[in-house]
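The values are calculated or read from the model by the stated rules, or taken from the named source; none is laboratory data. Everything numeric here is computed off the predicted structure, so don't read it as measured data. Here the Cβ is made from the backbone with ideal geometry for all residues, glycine too, and neighbour counts use every protein chain on show. Just so you know, the surface numbers come from the protein's heavy atoms only, side chains and all, with ligands and any DNA or RNA stripped out. Shrake-Rupley method; radii C 1.70, N 1.55, O 1.52, S 1.80 Å.
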Amino acid sequence: MFSLSLKEIRFFKLRYSLIGFIMFFVAALVFIISGLANGLSSDNASSIQNMNAHAFYLDKDADNRLDRSRFDEKVLSDIKDNKNLQAVGLQMLSLKEVDSDKKVDVSMMGIDPNSFLMPKVTEGSTIKSSKGPTIVADDSLKKQGIEIGDKLYEENSDITYTVVGFTEKQTFSHTPVAFVNKESWENLFPSKQKVSYNTIVIKDANKDLQEDVSSTIKDGVWAEKGDVIKGIPGYDAEQKSLFMMLAFLIVIAVFVLTAFFYIMTIQKVNQFGVLKAIGAKNGFLIGSTIIQVIILSIVSIGAAIGFAAILQAIMPKGIPFVFDFGVILIYSGVLFIVSIFGALLSSASIVKADPLQAMGRAE
Amino acid sequence: MTKIPLELKNIRKVFQDGEQEVEILHDLNFQAIKGELIAILGPSGSGKSTLLSIAGALLSPDGGEMIVNGENIANYNDKQKADVRLHSIGYIFQASNLVPYLKVKDQLKLVADLAGSWNKETQQRADELLKSVGLAHRANHYVQHLSGGEKQRVAIARSLMNNPDIILADEPTASLDSERSSEIVALIAKEVKEKNKAAVMVTHDESILSYCDKIYEMKNGQLTLRTTLKTTLKTTLRTT
Ligand SMILES: Nc1ncnc2c1ncn2[C@@H]1O[C@H](COP(=O)(O)OP(=O)(O)O)[C@@H](O)[C@H]1O
Ligand SMILES: [Mg+2]
């Protein structure tokens, strides 16, 4: 059965490679879109995704949105100095590079640099209060020409920060995160305005502590990390529209592949009749058709996986494309099942093929 | 008593022609015994192919018994009939009906594979069969490059591959010139004699009847024995 399938593919190379190419392109497109969804997701939310956090305490009315949640610094004083709990301030700001007058958008995050929230510094040094207002920023800021030692000026508060280090995979709402210490954070607020933070982060699950926070600080709720990520402006819409594309692509794949296998089977009905006339059974004919589809799928989907991997390597840095092998394997499985399903649908015409056709009666 | 490979008893076949029912085969009786090549003649549309399809387990009769090696297969299901075709019957079609994407050797391998019997022994048989139909040198060629006569010879070898008791041929020479025709029929006759098969051949071609042991004519849905070969030969001899 297997060798017969292979011989047919080898003989009708063109016909089978056309179908193979279509499968390859559909699979490659699925992988590219899923890679983009992945890349955009991390470009949008990596600072939260990579944050060493179990849950976030947010304002009840904030709809899980970090940027809408606010807690007065005074209220927070009750829970300060806990290794498992940390307040985080977050604000989108435009900073002006002092030398070039160029503006850069950042998400400024005020944290305790000695706490579990501080990401690993990959270049330069960490935040030190002795050196005045300093920033450790996501390295995507480098693409905008910012280097270690550059000075960034914030207009409203009239503060100039010095970039002392870079970290990686720390973005929020498609902007690089600029980490500052709490002192710098609190200086952002004009003197007549109350200092506030956006959220309280708990590192490890701790029910008692969480309940404690809930009862000390009123009008708040604990939100899971996943829900906070979905609350990042634009995140959900972005992911949903990409996912919709993927879903449609797979539906299209179902129709295209089914139609192709159907046409191919119809074309071969006479051949199936002849094979039946010399004693082949339905099971054998369906089996060898399915084997062909399996061979085609493995080769084309495999090639598409390779293609996506190469794409990942050669894609310019600016395009958020992240090749996640686990996700790609899942989509490969889906496409594989889709093509087997398409082939099975056409096996009805194999069963219907009449061995009498071999008699060559002109209809 | 040796079993009769193929026996048809009171076979009836009716086709629907618009409103009307047409009885193509009417209470037909027929036997084929080992070592004999039987020819069936008859006008076009008289039901020869229909008869052969029934004998070849490709078509079910509307009545009567169709006995292959002592077993009535008239009411077998599709799968059982496929098995009968695979093991007991070798069919040679008018258009040789080879598999386009297989090499000559693989055409024979395929039927052995279908029977699950591709091994050293059958491999050797395939080689011998190709030699006896004079195509050993073509074993590794695709069939598209073969001539009509060569294709028919491959079909003959294929029909013998699973060592069936019955060989059926429906106008195997219709698409060949007269020289090729007698070559092909001579080959069928040789294989039938050598391998002791029961063979039935439908033909239009009177010139090849000398190779046949019995000649039937299809008329009004029934077969009538025309003459025996010997008397044919005698009359031919006398007139020349
Ligand atoms: N499947 C069918 N449906 C209806 N009529 C058929 C069918 N098969 C054959 N016939 C009719 O039966 C008659 C005999 O056909 P056939 O056996 O092919 O004749 P022959 O081979 O002797 O020329 C023809 O009139 C043909 O039209
Ligand atoms: Mg006919």
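Things to note:
- Among the numbered conditions (1) part of a helix (DSSP H, G or I); (2) surrounded by 15 or more Cβ atoms within 10 Å (Cβ to Cβ); (3) more than 12 Å from chain B (Cβ to nearest Cβ), the only one that A:Pro320 does not meet is (1).
- Residues in the range A:334-351 that are open to solvent by 30 Å² or more (accessible area, probe 1.4 Å) and either under 15 Å from A:Val254 (Cβ atoms) or touching a residue at least 12 places away in the same chain (Cβ under 8 Å) (or both): 8 in all.
- Filter pass, B:Lys34 being charged (D, E, K, R), away from every other protein chain (no Cβ under 14 Å), over 15 Å from the mean Cα position of the chain (by Cα) and not in a helix (DSSP H, G or I): no
- Tallying residues that are within 14 Å of chain B (Cβ to nearest Cβ) and surrounded by fewer than 16 Cβ atoms within 10 Å (Cβ to Cβ) within the range A:13-59 yields 3.
- Residue check for A:Ile301: away from every other protein chain (no Cβ under 14 Å) and out of contact with any helix residue (DSSP H, G or I) (no Cβ under 6 Å at 6 or more places or on another chain): no
- So A:Ala313, is it surrounded by 15 or more Cβ atoms within 10 Å (Cβ to Cβ) and either closer than 30 Å to A:Pro176 by Cβ or away from every other protein chain (no Cβ under 14 Å) (or both): no
- None of A:Asn187, A:Asn156 is out of contact with any His (no Cβ under 7 Å at 6 or more places or on another chain) and at pLDDT below 90 except A:Asn156.
- Residue within the range A:156-165 that is open to solvent by less than 50 Å² (accessible area, probe 1.4 Å) and under 28 Å from the mean Cα position of the chain (by Cα) present: yes
- From the list B:Ala174, B:Ala198, the one residue that fits, being at pLDDT below 90 and either within 16 Å of ligand 2 (Cβ to nearest atom) or under 28 Å from B:Asn29 (Cα atoms) (or both), is B:Ala174.
- When residues of the range B:174-223 are limited to those that are open to solvent by less than 10 Å² (accessible area, probe 1.4 Å) and within 16 Å of ligand 1 (Cβ to nearest atom), the one farthest from the other protein chains (Cβ to nearest Cβ): B:Ile215
- Within the range B:90-106, the residues that satisfy the criterion of being hydrophobic (A, V, I, L, M, F, W, C), within 10 Å of chain A (Cβ to nearest Cβ) and within 17 Å of B:Leu187 (Cβ to Cβ) are B:Phe93, B:Leu98.
- Qualifying residue in the range A:275-292 (condition: modelled with pLDDT of 90 or more, within 14 Å of chain B (Cβ to nearest Cβ) and within 16 Å of ligand 2 (Cβ to nearest atom)): yes
- Residue within the range B:87-105 that is surrounded by fewer than 20 Cβ atoms within 10 Å (Cβ to Cβ), closer than 23 Å to B:Ile33 by Cβ, in contact (Cβ under 8 Å) with a residue 60 or more places away in the chain and not acidic (Asp, Glu) present: yes
- Residue that is farthest from A:Leu58 (Cα to Cα), among those in the range A:187-208 that are outside any loop (DSSP other than H, G, I, E, B) and open to solvent by 30 Å² or more (accessible area, probe 1.4 Å): A:Asn187
- Selection status of A:Pro355, in contact (Cβ under 8 Å) with a residue 24 or more places away in the chain, surrounded by 16 or more Cβ atoms within 10 Å (Cβ to Cβ) and within 14 Å of chain B (Cβ to nearest Cβ): yes
- Any hit, the range A:262-269, residues being of a type outside the set (A, V, I, L, M) and within 13 Å of chain B (Cβ to nearest Cβ): yes
- Within the range B:135-149, none of the residues are surrounded by 23 or more Cβ atoms within 10 Å (Cβ to Cβ) and touching a strand residue (DSSP E or B) at 6+ places or on another chain (Cβ under 7 Å).
- Residues (farther than 15 Å from B:Phe30 by Cα and not in a loop (DSSP other than H, G, I, E, B)) located in the range B:72-84: B:Asp78, B:Lys79, B:Gln80, B:Lys81, B:Ala82, B:Asp83, B:Val84
- Taking the criterion of being in a strand (DSSP E or B) and within 20 Å of A:Gln49 (Cα to Cα), the residues of the range A:118-151 that qualify are A:Val136, A:Ala137, A:Asp138.
- Candidates B:Leu102, B:Leu59 - the one that is in contact with a helix residue (DSSP H, G or I) (Cβ under 8 Å, 6 or more places away or on another chain), within 16 Å of ligand 2 (Cβ to nearest atom) and over 27 Å from B:Ser207 (Cβ atoms): B:Leu59
- Only one of the listed residues (B:Ile11, B:Ile4, B:Ile40, B:Ile24) is within 13 Å of ligand 1 (Cβ to nearest atom) and either farther than 26 Å from B:Ala174 by Cα or open to solvent by 70 Å² or more (accessible area, probe 1.4 Å) (or both). That residue is B:Ile11.
- Among residues of the range B:107-127, those that are within 11 Å of another protein chain (Cβ to nearest Cβ) and open to solvent by 20 Å² or more (accessible area, probe 1.4 Å), counted: 6
- In the range A:213-263, the residues that are without any contact (Cβ under 8 Å) to a residue 12 or more places away in the chain and not small (Gly, Ala, Ser): A:Lys218, A:Asp236, A:Lys240, A:Met244, A:Phe248, A:Val251, A:Phe255, A:Ile263
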